Every structure is written in structure tokens, then in C-alpha cells.
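The values are calculated or read from the model by the stated rules, or taken from the named source; none is laboratory data. The structure displayed is predicted, hence computed values, not measured ones. Cβ sites come from the backbone with ideal geometry, for glycine too, and all protein chains shown count toward neighbours. These area figures cover heavy atoms from the full protein model, side chains too; ligands, DNA and RNA do not enter into them. Shrake-Rupley method; radii C 1.70, N 1.55, O 1.52, S 1.80 Å.
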Amino acid sequence: MSDSGDGDHGTPAGEVWAIVLAGGRGLRYGRLKQLDRLGPARLVDHTVAAARRTCDRVALVLPSGVDWDGEPVDALAVGGDHQSESLRAGLAVVPADAGILVLADPAHPLAADRIFTDAVAAVRAGADGAVPVVPLLEVVQRVRDGVVVETLPKQDTVIAQSPQAFRAGVLRAAHADAPRPVENSGMLAALGYRVVTVPGDPANLHVATAEDLAVVARLLRPPAAPSS
């Protein structure tokens, strides 16, 4: 367990590196989701552009066999069979003296620059990690074989989003023994690190299906001009 959870261990030195986790092979989506288009650009292009605007350096993780032809990045890595393997591939190409790591996912292509900078600011202020969240407002139920068996309480429950920011040393230490976490901020919290929240954005939707992409595309379109 970490002894750094008191949040008073100083501002991390070193550059802010974004790791854009675009190494998935699209097995559930049916194709390489990160290369699908959203408006004039691909999902991964939106995320790389936001990372370039808000971070000092950008490392991009891509699937094996995919060549990068987008905006310049500072480092490239080849992803693995699971996102944790892709993250460790990204960690391997980020210099050891990086101070803060921002994990960004093209599945959240509309993440505003403000979310990147707020998460970084929270880590600079003393947190070990920062995750953007939005309140859980809908009823959530547990269903088994098509039958509702339980309604889950909404109190103290939020929806976590991407990007998330972490002290580089903390994230490297947590991945040193090659775990396969479902979610990095939860893993760090379970290890005793101090992970705080910053305001997310309801428009920062997670693209998991083609239907989700269609919804995000509608959000990206400018409003129609009123008819005369």
C-alpha cells in the first residue's frame, strides 16, 4: 500500500505526457473503432489533437500493423491484447523523468480541453490521480436472465470518464507487476493512493457501439440555421 495518500508530497516535476490508448483491435466493435470517422477526422485524431493542445508531449499506442499518418506525436508504441498491456507499452516509450501522465482514450472523442487541464491541475495540487466524473442520475438495476433482481443505490455513485491524470511514478509502480485492472483509478484507490474527482461533461460520451458513434456525431454537428 502507498504511504503517499496524504496529498502533501509536492508538485510532480517533469513534463506532462499524454498516452493516447488507441491500441484496441476492435473485436467487440467489429472493426478498428479508433479509425472510424467523426466529422472531418477519425476518433483517434480528435483525441491526439486535444492531447497536443493540453499536454507537453504525446505518446500514441496503436494496434500492430497500423501505421500512423495523423498529426505528429512524440512517441509511438504497439498495443497488446488488453488495454493494460497497451498502457504498459505506452509507459515504456515515455521518458522516466515524466512528471504527470494523462491517459486518453479515442472512445471519448469529445473530451474537452478543460477536462485534460483540470485533471492535470488536480495532480499538480497534490493528488496521486484525478478522474473526471458526472453524477449518476438514472436508475440502475441488476438484471439476471431478463428479470430485475435489485435496484442499486445512486448515493455516492458517479460515472467515470476519460481522460484521467496520474503521478507518473505512482502509475508506473502500480503496473510494475503487470496487473490487469478493469480501471486504473480504481486500482490506485484500492492500493491506497489518493485519487480525486474533477467535473466531467455529459457530452463526453463513451463510444462503445456504432449507435453511440451516431449520437456523438449529432452532438458534433453545428445547429441548423433557423428557416426564414
**Asked** By per-residue mean of other Cβ atoms within 10 Å, what is the highest-first order of 188-197, 127-136, 113-122?
**Response** 127-136, 113-122, 188-197
**Asked** Using the Cβ atoms and a cut-off under 14 Å, what net charge is assigned to the surroundings of residue 153, where Lys and Arg are +1 and Asp and Glu are -1?
**Response** -1
**Item:** Cβ-based net charge around residue 193, under 9 Å, with every Lys or Arg adding one and every Asp or Glu removing one
**Value:** +1
**Request:** Filter the chymotrypsin sites (Phe, Trp or Tyr not before Pro) in the stretch 1-95 to those in DSSP coil with at most 15 other Cβ atoms within 10 Å of their Cβ, and list the result.
**Result:** 68
**Request:** Over the chain, with every protein chain in place, what whole percent of the accessible area is carbon and sulfur at 1.4 Å, could you tell me?
**Result:** 53 percent
**Message:** Please give me the summed charge of the neighbours of residue 72: other residues whose Cβ is under 15 Å from its Cβ, Lys and Arg +1, Asp and Glu -1.
**Reply:** -3
**Message:** How much accessible area per residue does the chain have, counting only protein heavy atoms and a probe of 1.4 Å, in square angstrom?
**Reply:** 52 Å²
